[in-house]
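Read-outs throughout are calculated quantities, based only on the coordinates presented, and are distinct from any laboratory measurement. These numbers were taken from a predicted model, which means no experiment stands behind them. We place every Cβ from the backbone using ideal geometry, glycine too, and count neighbours over all the protein chains shown.
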Amino acid sequence: MNYFVPLPQIDNDVNPRSNSTLISQLSTLNSQLSTLNSRLSTKMALNKNKSHKLYYSIKEVAQMLEVNESLLRYWETEFPHLRPKTTGNNVRQYTEKDIEQIKVIYNLVKVRGFKLAAARKMLNKNRSGAEKSTDILDTLISVRDQLQDLKRHMGGLV
């Protein structure tokens with residue numbers, strides 16, 4: 001999830017040593033982030049009109065996560081709770097719930113460096129904690145990207 005917050009306009013004629021302008025702009029950005037966060041939590045809970053597909057192919061899921069299709073098939077053998085629906089021709093059909101489970105596994109194995117056995121054990125013991133840490137990581141990455149963008153825009157002011 002990459003939610004972009006419009007950055008406040010920066011006046012290039014402002015003295016770079018003018019801390020009050022910089023503080024004002026950072027305060028504006030902070031309030032915008034707070035507003036966005038509250039809107040997202042409300043919309044995420046109330047959005048009944050999703051235009052998402054019901055099922056995704058293994059190719060689409062692999063492209064979403066930038067992994068090989070074979071890795072997804074392998075993870076199905078290693079994590080018993082990961083079982084996408086299959087058609088009569090053994091074509092995998094992933095739901096949003098399946099994709100969320102794969103994202104949690106991806107976070108544990110690829111991002112945090114867990115071995116498969118440790119990731120499986122962590123999911124069996126504390127599934128909700130692992131899911132929350134994945135959500136937190138996604139949020140932090142989004143905030144980091146926004147801050148880096150702000151830093152680029154503010155370049156000469158600091």
For this session: Mind checking segment 73-146 for trypsin sites (Lys or Arg not before Pro) that DSSP puts in a loop (not H, G, I, E or B) and that have at most 15 other Cβ atoms within 10 Å?
Result: ARG112, LYS115
Exercise. Over segment 68-116, what is the relative contact order in whole percent, taking alpha-carbon pairs under 8 Å and six or more residues apart?
Worked result: 22
Exercise. In µm²/s, what is D for segment 56-158 at 25 °C and 0.890 mPa s, where D = kT/(6 pi eta Rh) by Stokes-Einstein and Rh is the Kirkwood radius from Cα pairs?
Worked result: 160
For this session: Report the extension gain between GLU60 and THR139 in nm, rounded to one decimal, defined as 0.36 nm multiplied by the number of residues separating them, less their alpha carbon distance.
Result: 26.2 nm
Problem set entry | Pair LEU150, GLU78: separation of 7 Å Cα→Cβ label points (nm) | 3.7
For this session: Would you kindly derive the ³J(HN,Hα) couplings of segment 67-78 from the backbone phi angles with the Karplus curve 6.51 cos²θ - 1.76 cosθ + 1.60 (θ = phi - 60°), listing them in order in whole Hz, with x for Gly and Pro?
Result: 10, 7, 4, 5, 5, 5, 4, 5, 4, 4, 6, 8
